[in-house]
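Notes to accompany the following structure.
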Amino acid sequence: MRSEYCGVLNASFIDQEVTLCGWVDRRRDHGGVIFIDLRDRDGVVQVVFDPDAKENFALADKVRGEYVLQVTGKVRARAAAAVNPNMNTGEIEVYGTALTILNEAETIPFPLDSYANVGEDIRLKYRFLDLRRQDMQKALRFRSKVTSAIRNYLDTNGFLDIETPILTRATPEGARDYLVPSRTHDGKFFALPQSPQLFKQLLMVSGFDRYYQIAKCFRDEDLRADRQPEFTQIDIETSFMSQEQIMSITEGMIREVFKDLKGVEFGELPRMPFSEAITKYGSDKPDLRIPLQLVDIKDLVTEVDFKVFAGPANDPKSRVTALKVPGGNDKLTRKQIDEYTKFVGIYGAKGLAYIKVNDKSDLEEGLQSPIVKNLPLPVRAAILERVNAENGDLIFFGADRHKVVTEALGALRCKLGADLDLYTAEWAPLWVVDFPMFEEDDKGNWSALHHPFTAPSCSPEELSANPGAALSQAYDLVLNGTELGGGSVRIHTSSMQQTVFGLLGIEEDEQREKFGFLLDALKYGAPPHGGLAFGLDRLIMLMTGAASIRDVIAFPKTQSAACVMTDAPGIVDELQLRELHIRLRKKEQAAAAQAAE
């Protein structure tokens, strides 16, 4: 039906006859000459109809926005005064000689130009229209280019694209599973995979050596700007490669994608231990574009009379930390400081102490703060020296349980970076390594920091003797404060896997029930193996500068995990439920049962 896409036309097509198909972006009538901006996935081109076109001119007069057209005409140069440098096709136009209206369109519920302020709920309800916008077209075309580049890289490096099952069984990977009831197995359920983790390990046991998959994954968890209930990951697994080799080959993929599609050269990515990331940046995914760092001062305030500091300073599970904002006295008002105090409260912080350094040489009068009177002069001097304070600086403090202080000041650091535009670079990638194997909850129970199939950097005996001190062979790739991907060397012996399961409180009967197939596989010559998974949606979000992954997914869900376009999830009729052996409880019955418990 067409000879060319609208957006590819340029001066090289002058005097050629072309046939185009697309949607009416705009229609203008200028003194008896009708201009139609015709749009397709490649861009927009101006088509001109004048009265000499006769019946086609009359037809063009009936055209309205979003009509679907087929246009035939000759490409010609625009007049010098009419050249539009902001359009790829701005040097030319198409003189229309034939026009067919392929379909009419009702008035659309919102304008499709990039400048219109349209609520996301409306955009998602009419996503099929929203996707016509240039920004969305560019984002999804770019996404296609990224996946193509990734496939080419992995294919070139000997990886095989192998699909793994979508209907599987529940596994403990840190989030709730989406469950699918079985019609043929009464009372039993499939689970949609949170990742292809176990299957890709079994592929390594099977001898496939290098696997990848652009895989759909599912997690029933609360949503954020960078999370969806169904998401896409670039899943990779290898055999007979060390941690460094796995990191090197996957790093090469990311570097090549950025170089080819963004013109950005990263060079070799730095490595940072988990402990350093937490201590200095309050996060295991630090944004290194922001020069601010957390500085521990616990040892300086153990003997002060100020209980807000002294209590946590003498508690081994607590932390007292300072965050210096250079020039913060002039940059931040008292109102803003109060707003930051509310902000850290989101993370459980009870307050946000601060000191304004007006004159560091005058420890009596040169420091401005409600708390400074509670700190002896030597302590004031030691704090200023520890954080390398200068006149005009503002110092924030956190004193509480280690987790609270770390998360609160780590988040405050990022918010200050954004609010004050402290970024020193456009891109800041790094590897975070040497993660702990486990983290301990308040009841003394262990949970896997990554997942229970991650290999430790020690023997089973050493792991059992001191699980809290054990490091894992895990690694995360971080970009601009966002975790792009995470992976690990896997456990490849059944003895180590059973040791880890035991420390996580998974008894032998449960091990056999849930993971018997994996434990059996590990007994039959499982090779050393490991891998990594990148979040494709997050990667595209960062590369395109989108505010949310919903802007780089064709049909995303809302914050409540619903699709407002198709009205999903929906009600299932009684017959289907009976076939699945499911009976729904009414809300009143469910509430009564919960109250009885």
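Things worth noting here:
- Boolean, residue 260 is in the same structural domain as residue 414 (by TED's automatic domain parsing) and surrounded by fewer than 19 Cβ atoms within 10 Å (Cβ to Cβ): no
- Pairing each residue of the range 324-346 that is not assigned by TED's automatic domain parsing to the domain that holds residue 367 with any residue that is modelled with pLDDT of 95 or more, provided the two are 6+ apart or on different chains, yields no C-beta distance under 6 Å.
- Criterion (under 23 Å from the mean Cα position of the chain (by Cα) and either under 25 Å from residue 546 (Cα atoms) or surrounded by 15 or more Cβ atoms within 10 Å (Cβ to Cβ) (or both)) met by exactly one of 387, 432, 379: 432
- Unique match (being of a type in the set (D, E, K, R), part of a loop (DSSP other than H, G, I, E, B) and farther than 26 Å from residue 434 by Cα) among 512, 585, 550: 585
- The set of residues in the range 505-557 that are within 26 Å of residue 246 (Cα to Cα) and not hydrophobic (A, V, I, L, M, F, W, C) comprises 520, 523, 524, 525, 527, 528, 529, 530, 531, 535, 537, 538.
- If you go through the range 574-593 and keep only what is at pLDDT 65 or above and either over 26 Å from residue 185 (Cβ atoms) or hydrophobic (A, V, I, L, M, F, W, C) (or both), you end up with 575, 577, 580, 582, 584, 586, 587.
Conditions (1) in a helix (DSSP H, G or I); (2) crowded, with 18+ Cβ neighbours inside 10 Å, marked per residue:
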site	(1), (2)
58	yes, no
64	no, no
84	no, no
94	no, yes
100	no, no
144	yes, no
147	yes, no
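- Considering the conditions (1) over 25 Å from the mean Cα position of the chain (by Cα); (2) in contact (Cβ under 8 Å) with a residue 60 or more places away in the chain; (3) crowded, with 16+ Cβ neighbours inside 10 Å; (4) part of a loop (DSSP other than H, G, I, E, B), residue 228 is excluded by exactly one of them, (1).
- When the range 51-68 is filtered for residues that are touching a residue at least 40 places away in the same chain (Cβ under 8 Å) and out of contact with any Leu (no Cβ under 6 Å at 6 or more places or on another chain), the ones remaining, listed by number, are 53, 64, 65, 66, 67.
- The selection criterion, being assigned to a helix (DSSP H, G or I) and not charged (D, E, K, R), does not hold for residue 112.
- Of the helices (runs of 4 or more DSSP H) that lie entirely inside the range 240-335, those containing 3 or more residues that are in contact with a Leu (Cβ under 8 Å, 6 or more places away or on another chain) and at pLDDT 95 or above span 243-262, 274-281.
- Residues of the range 450-487 classified as of a type in the set (Ser, Thr, Tyr), more than 26 Å from the chain's Cα centre (by Cα) and crowded, with 17+ Cβ neighbours inside 10 Å, total: 0
- Residue, nearest to the chain's Cα centre (by Cα), within the range 25-49, restricted to residues that are surrounded by fewer than 15 Cβ atoms within 10 Å (Cβ to Cβ) and of a type in the set (D, E, K, R): 26
The values are calculated or read from the model by the stated rules, or taken from the named source; none is laboratory data. Quantities reported herein were computed from a predicted structural model and do not represent experimental measurements. Glycine also receives a Cβ, built like all others from the backbone with ideal geometry; neighbour counts cover every protein chain displayed.
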